[in-house]
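A short reminder: the numbers here are calculations on the coordinates, not readings from a lab. Predicted model only: the values in this text are computed from it and were never measured. Counting neighbours? That spans all protein chains shown, and the Cβs are built from the backbone with ideal geometry, glycine included.
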Amino acid sequence: MEEVNNNMEEPLSEYGRYTYADYLSWQMEEMVELIKGKIFRQAAAPRVNHQRVSGIVFTSLFNFLNGKKCEVFAAPFDVRLPVKSKKHDDIDTVVQPDICVICDPGKLDELGCVGAPDLVVEILSPGNNSKELLNKYEVYEEAGVREYWVIQPSEHTLLVYTLVNGKFSPSRLFTHGDIVRSDVIKGFSMDLEEVFKDV
């Protein structure tokens with residue numbers, strides 16, 4: 001499987017290793033992410049229930065954070081997770097979380113975020129579960145994302161991973177009737193009846 005880069009003569013290979021500098025040179029119609037130098041592309045636009053859930057969660061966070069230091073962003077929004085340095089040639093992981101909250105304004109620049117967001121929310125869609133649950137889990141943990149929410153619209157569930165001593169610790173599985181509270185965004189809570197009411 002190869003992906004054609006409209007801005008370069010050489011095709012992009014799923015087996016190649018790329019950096020953020022490469023990423024900036026591509027002109028692709030579909031959304032792509034880099035995880036440890038490997039290309040991951042979104043096969044299709046998110047489904048209706050994905051967008052319903054995303055809108056409710058984003059709006060809840062936006063309203064709660066209005067006037068506060070932390071800011072919430074929704075995809076498409078580049079989050080670069082540097083390991084060695086912040087140079088474009090050294091960064092090999094660029095992800096676009098469905099929703100993320102950043103409380104350190106020093107991590108924001110005109111290109112997006114450089115460094116770990118405080119809270120990341122990923123909403124699963126058919127076909128992306130392994131990417132979210134395996135690849136992104138690993139890079140979010142390594143980068144130091146303090147809280148990682150994984151929402152499964154088709155199952156009406158939410159799982160919270162909280163960073164404890166550098167490792168993610170999972171919550172119980174939340175579903176209808178539960179109110180989920182964030183340990184990182186103090187005072188923020190979300191009623192899952194509201195989140196899943198139209199899903």
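The length gained on full extension between residue 171 and residue 141, counted as 0.36 nm times the residue separation minus their Cα-Cα distance, comes to 9.3 nm. Per DSSP helix of 4 or more residues, -39500 (n - 2.57); summed, then divided by the residues of the chain. What does that give at 222 nm, rounded to the nearest 500? Computed ellipticity for the chain at 222 nm equals -5000 deg cm²/dmol. Between residue 198 and residue 90, the contour length at 0.36 nm per residue exceeds the Cα-Cα span by 34.6 nm. Partnerless cysteines in the chain, where a partner means another cysteine C-beta under 4.7 angstrom, comprise 100, 113.
Put simply, the range 11-90 fits an ellipsoid with semi-axes of 29, 19, 9 Å; these come from the alpha carbon gyration tensor as the roots of five times its eigenvalues, largest first. A simple rule links phi to the HN-Hα coupling: the Karplus curve 6.51 cos²θ - 1.76 cosθ + 1.60 with θ = phi - 60°, which for the range 78-89 gives 6, 10, 8, 10, x, 10, 7, 8, 8, 5, 4, 6 Hz, with x for Gly and Pro.
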